[in-house]
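Below is one structure; the comments refer to it alone.
FYI, it's all coordinate maths here, none of it is from the lab. Computed from a prediction, not measured in an experiment: that's the story for all the values here. Cβ sites come from the backbone with ideal geometry, for glycine too, and all protein chains shown count toward neighbours.
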Ligand SMILES: CSC[C@@H](O)[C@@H](O)C(=O)COP(=O)(O)O
């Protein structure tokens, strides 16, 4: 996608040196557009843990490059396994991270160490290209849903879409998942407006989704996380579209904390609730999302403190809770499949059921 007219992806290899890896520092957006240069797997691990890069597909792609960086220093079997384990442990919930590392290992293990560096960069590049293409396809399939809504409501009527967290292009290699259909609908002239959940505690909606949509000219309004139910009760939400960090083979959906409450409110108000995902986000090994998906617990300081820009234009961090109050910070929740209207994948849309998923991915049995 473009920033000020220049097309970017969310991760890329330096054109001049041909090996270092660039990302946007997402902890600085929307106030600063800082590009970081990563040269070691430790820097990659740090970027993922501190959420300089985040979003399920993107952390998989960046970790794949992390392995390529590691192999530049040591391409032995031992180093390959150790560095893969180190990178895979950076965040627990998004399955794309494990998927990307496993794909890299499968490709690299049989090769002689001398061939591994070039092969790792090539495979990481393919992971990126495929992610961008899959998300573009998700956009096309999701666009059909929005076209149908537009046709039902009259061409110029506003379509109000609610989204949670950031499942846009900077959460992926390009296009995004939940936001891809919205970009396409806006580009073809549909009258879309997005309610953007602020997404406490880290405010990915207020900081990142609002920045993305604004940069693309998509009308949007940031709301407190707790406003969605009220808006639905008053007929002000036509559809919810969110991304996900892991979908089980039964179609349970893990996503940013608070997604479950949006799904409950959507069901109570007869609002359709769609989840957009590339197939790399499906964990075919697990069935029951509540029991089997590990939920990341992050530092309580993400609750007790908040980042922003002060009146002097300085980025600063302030405390919002009393000294001594404890804080708990589960970073994701699981929305059971029964609350999900359907899934939007690169292969098309399907009901959120085991059969629905298997109809799109019959090779999974
Ligand atoms: C296309 S990204 C989908 C999800 O990864 C996204 O909705 C989300 O929950 C991201 O969480 P984050 O903790 O910001 O990495």
Distance cut-off 13 Å, percentage of C-alpha pairs in region 292-361 lying past it: 75 percent
Beta bridges per DSSP with both ends in region 154-364, % antiparallel, nearest 5: 45 percent
Rounded if a/c under 1.5, otherwise prolate or oblate - region 2-130, Cα gyration tensor axes: prolate
Ascending count of other beta-carbon atoms within 10 Å, so fewest first, for 24, 361: 361, 24
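Order of 347, 2 from fewest to most other C-beta atoms within 10 Å?
On the way: 347 17, 2 10.
Ordered by Cβ neighbours within 10 Å, fewest first: 2, 347.
Quick check on the chain: of the DSSP beta bridges with both residues there, what percent are antiparallel, nearest 5%?
Values: 25 of 45 bridges.
Antiparallel: roughly 55 percent of the beta bridges in the chain.
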Projected-area average for region 218-301 over all orientations - Cα convex hull basis, square nanometres: 7.2 nm²
Shape of region 166-257, Cα gyration tensor, a/c cut at 1.5: rounded
Rg and Dmax [Cα atoms of region 154-364; Å; Rg one decimal, Dmax integer]: 17.5, 57
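When a/c reaches 1.5 or more, the comparison of a/b and b/c decides; with that in mind, is region 100-244 rounded, prolate or oblate per its Cα gyration tensor?
On the way: a/c = 3.11, a/b = 2.07, b/c = 1.51.
Prolate, because a/c is 1.5 or more and a/b exceeds b/c.
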Whole-number D in µm²/s for the chain (Stokes-Einstein; Kirkwood sum over Cα pairs; 25 °C, 0.890 mPa s): 118 µm²/s
Neighbour-count ranking [beta-carbon atoms within 10 angstrom, fewest first] of 165, 128: 128, 165
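Express the relative contact order of the chain as a whole percentage, based on alpha carbon pairs under 8 Å and six or more residues apart in sequence.
Working: 734 pairs, mean separation 56.0, N = 365.
Rounded, it is 15 percent for the chain.
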